[in-house]
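Novice: Below: one structure in structure tokens.
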Amino acid sequence: MRIVVLTDKERFNNFIGSQKISQFLQSWQWGEFQTMVGGKIIRLGIESETGELLAATTLVKKSLPMGKSYFFCPRGPIIDQLLITKHQLRIENILQSLFNEIKKLAKNEKVIFLRFEPLCKQQTTNNKQQIIKTLDVEPSKTLILDLSKSESELLKDMSQKTRYNIKLAEKKTVELVAADINYFEDFWQLISRTSERDKFRLHGRNYYRQMIETDKDVIKLFFAKYKKRLIATGIFSFFGNTAVYLHGASANFDRNVMAPFFLHWQCIKLAKSLGCNFYDFNGIDEIKWPGVTRFKKGFGGNEINYQGTFDLVFNPGWYSIYKMVRNVRRTF
């Protein structure tokens, strides 16, 4: 097997999108978006001797103080278990080769660690490397709907309250609006007010604007409209076999028409019509987000527990300084 730099968008996305659950945060489009908001992207793969792609990963270079950086690999690396079994290889060997190559890159890029979010336990048990569990970046628990079910089955799996709220919104003639960047100010106003109401931190304006503009076939913006007013919104990705709810917001008024329930149900049906197998609500946590988690779990689905976020340390001295500075900042 050999390490390669991947520059073919179609080949890269075909591999990432063909896994059991497609990981949008490893897609070519997500890498392009990260470039637009200031990150440097490196895409690596591992090929078999016959040229088959066995593993691939998107690395995002993130800046730290004093000229240092780290690599971030969200929801990855992606390793095709069936293919490596076919070639009589082990995940541990694939990962070791990948880590060794990333370590070489890290030296030239002044990178002190790799932050990654493994999809299986074998990716965290490498005795030859210093791998440390750290704070989650992406949520380690999520809720995923199986879209192979019929619409009637999906509705049946929902809580009675969720079904009722969807029907109520439909009865009140809430409408779905497929939007574009011309609606950005409407989106920004809704998400800003939701942030104030629900006490969560926002990314900057440009982050959301660039996300919406990245790829209109993959990233879509929708609103729920009631009596000519936009009262709920969401950014969704449709990549490979999975649709993902990325960001959302709702107005402080007309809350009795249950627009967020309507919005999600319409996007679930859209994902199903586009051939997606899964709909990912992208994060639940009964302690951190009790209200949002209760809302999402009302749609049914299966809870998925990922391994969490880990740091592979290349420079222990600088990593200790980084942790000390991070801990001080978290106290303020």
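The values are calculated or read from the model by the stated rules, or taken from the named source; none is laboratory data. Since this is a predicted model, take the numbers as computed values, not measurements. Backbone-built Cβ (ideal geometry, glycine too); neighbour counts: all protein chains shown.
Novice: Looking at the range 167-183, can you tell me whether even one residue there is of a type in the set (S, T, N, Q) and within 25 Å of residue 150 (Cα to Cα)? Can you show your working first?
Specialist: Here is the first cut: in the range 167-183, the ones of a type in the set (S, T, N, Q) are 173, 182.
Keeping just the survivors that are within 25 Å of residue 150 (Cα to Cα) gives 173.
Yes, some residue in the range 167-183 is of a type in the set (S, T, N, Q) and within 25 Å of residue 150 (Cα to Cα).
Novice: Restricting attention to the range 304-322, which residues are loosely packed, with under 13 Cβ neighbours inside 10 Å and either closer than 20 Å to residue 130 by Cα or out of contact with any strand residue (DSSP E or B) (no Cβ under 9 Å at 6 or more places or on another chain) (or both)? Even if it seems obvious, please write down each step before you answer.
Specialist: Of the range 304-322, the ones loosely packed, with under 13 Cβ neighbours inside 10 Å are 305, 316-317, 320.
Hits for the range 304-322 are 316, 317, 320.
Novice: Quick check: is even one residue across the range 72-79 of a type outside the set (Val, Ile, Thr), in contact with a Cys (Cβ under 9 Å, 6 or more places away or on another chain) and crowded, with 17+ Cβ neighbours inside 10 Å? It would help to see each step written out before you state the result.
Specialist: If we filter the range 72-79 for residues that are of a type outside the set (Val, Ile, Thr), which is where we start, we get 72-77.
Still in the list and also in contact with a Cys (Cβ under 9 Å, 6 or more places away or on another chain): none.
No, because not a single residue in the range 72-79 is of a type outside the set (Val, Ile, Thr), in contact with a Cys (Cβ under 9 Å, 6 or more places away or on another chain) and crowded, with 17+ Cβ neighbours inside 10 Å.
Novice: When you scan the range 5-17, do you find a residue that is within 19 Å of residue 209 (Cβ to Cβ) and either outside any loop (DSSP other than H, G, I, E, B) or in the same structural domain as residue 88 (by TED's automatic domain parsing) (or both), even just one?
Specialist: No, there is no match, as no residue in the range 5-17 is within 19 Å of residue 209 (Cβ to Cβ) and either outside any loop (DSSP other than H, G, I, E, B) or in the same structural domain as residue 88 (by TED's automatic domain parsing) (or both).
Novice: For the range 286-303, give me the residue count where each residue is surrounded by fewer than 15 Cβ atoms within 10 Å (Cβ to Cβ) and touching an Asp or Glu at 6+ places or on another chain (Cβ under 9 Å).
Specialist: Kept after step one, since they are surrounded by fewer than 15 Cβ atoms within 10 Å (Cβ to Cβ), are these residues of the range 286-303: 286-288, 290-291, 294, 302-303.
If we keep only those that are touching an Asp or Glu at 6+ places or on another chain (Cβ under 9 Å) too, we end up with 291, 294, 302.
Summing the residues that are surrounded by fewer than 15 Cβ atoms within 10 Å (Cβ to Cβ) and touching an Asp or Glu at 6+ places or on another chain (Cβ under 9 Å) in the range 286-303 gives 3.
Novice: While we're looking at this one, here's another question. When you look at residue 313, is it modelled with pLDDT of 95 or more, assigned by TED's automatic domain parsing to the domain that holds residue 167 and under 26 Å from residue 71 (Cα atoms), yes or no?
Specialist: Details: modelled with pLDDT of 95 or more: yes; assigned by TED's automatic domain parsing to the domain that holds residue 167: no; under 26 Å from residue 71 (Cα atoms): yes.
Spelling it out, it is not the case that residue 313 is modelled with pLDDT of 95 or more, assigned by TED's automatic domain parsing to the domain that holds residue 167 and under 26 Å from residue 71 (Cα atoms).
Novice: Looking at the range 164-218, which of its residues are out of contact with any Ser or Thr (no Cβ under 8 Å at 6 or more places or on another chain), surrounded by 12 or more Cβ atoms within 10 Å (Cβ to Cβ), farther than 30 Å from residue 14 by Cα and polar (S, T, N, Q)?
Specialist: Residues satisfying the conditions are 165, 189, 192, 195.
Novice: From (1) surrounded by 21 or more Cβ atoms within 10 Å (Cβ to Cβ); (2) more than 21 Å from residue 318 (Cβ to Cβ); (3) of a type in the set (A, V, I, L, M); (4) out of contact with any Pro (no Cβ under 7 Å at 6 or more places or on another chain), pick out the condition that doesn't hold for residue 55.
Specialist: Evaluating residue 55 over (1) surrounded by 21 or more Cβ atoms within 10 Å (Cβ to Cβ); (2) more than 21 Å from residue 318 (Cβ to Cβ); (3) of a type in the set (A, V, I, L, M); (4) out of contact with any Pro (no Cβ under 7 Å at 6 or more places or on another chain) leaves (4) as the failure.
Novice: Shifting gears a bit: Just for the range 11-24: of the residues that are under 13 Å from the mean Cα position of the chain (by Cα) and closer than 11 Å to residue 119 by Cβ, which one is surrounded by the most Cβ atoms within 10 Å (Cβ to Cβ)?
Specialist: 23
Novice: How many residues, within the range 101-123, are among the polar types (S, T, N, Q) and modelled with pLDDT of 95 or more? Let's see the steps before the verdict.
Specialist: Filtering the range 101-123 for residues among the polar types (S, T, N, Q) gives 108, 122-123.
Checking which are modelled with pLDDT of 95 or more leaves us with none.
Looking only at that region, the number is 0.
Novice: Please go through the range 218-246 and pick out each residue that is closer than 23 Å to residue 138 by Cβ and not hydrophobic (A, V, I, L, M, F, W, C). Reasoning before the result, please.
Specialist: Of all residues in the range 218-246, those closer than 23 Å to residue 138 by Cβ come to 218-222, 233-246.
Scanning the range 218-246 gives 220, 233, 234, 237, 240, 241, 242, 245.
Novice: Might you let me know whether the range 136-144 holds any residue that is surrounded by 14 or more Cβ atoms within 10 Å (Cβ to Cβ), closer than 30 Å to residue 315 by Cβ, in contact with a strand residue (DSSP E or B) (Cβ under 8 Å, 6 or more places away or on another chain) and among the small types (Gly, Ala, Ser)? Give the derivation first.
Specialist: As a first pass, look at the range 136-144 and keep what is surrounded by 14 or more Cβ atoms within 10 Å (Cβ to Cβ): 136-144.
Applying the additional criterion that residues be closer than 30 Å to residue 315 by Cβ yields 136-140.
Narrowing the set further to residues that are in contact with a strand residue (DSSP E or B) (Cβ under 8 Å, 6 or more places away or on another chain) leaves 136-138, 140.
Filter once more, keeping what is among the small types (Gly, Ala, Ser): 140.
Checked against the condition, which is being surrounded by 14 or more Cβ atoms within 10 Å (Cβ to Cβ), closer than 30 Å to residue 315 by Cβ, in contact with a strand residue (DSSP E or B) (Cβ under 8 Å, 6 or more places away or on another chain) and among the small types (Gly, Ala, Ser), the range 136-144 yields at least one hit.
Novice: From the set of residues in the range 243-258 that are assigned to a strand (DSSP E or B) and not aliphatic (A, V, I, L, M), which is farthest from residue 189 (Cα to Cα)? Can you show your working first?
Specialist: So in the range 243-258, the residues assigned to a strand (DSSP E or B) come out as 243-250.
Then drop every residue that is not not aliphatic (A, V, I, L, M), which leaves 245, 247-248, 250.
Values: 245: 19, 247: 13, 248: 12, 250: 10 Å.
Top of the filtered list is 245.
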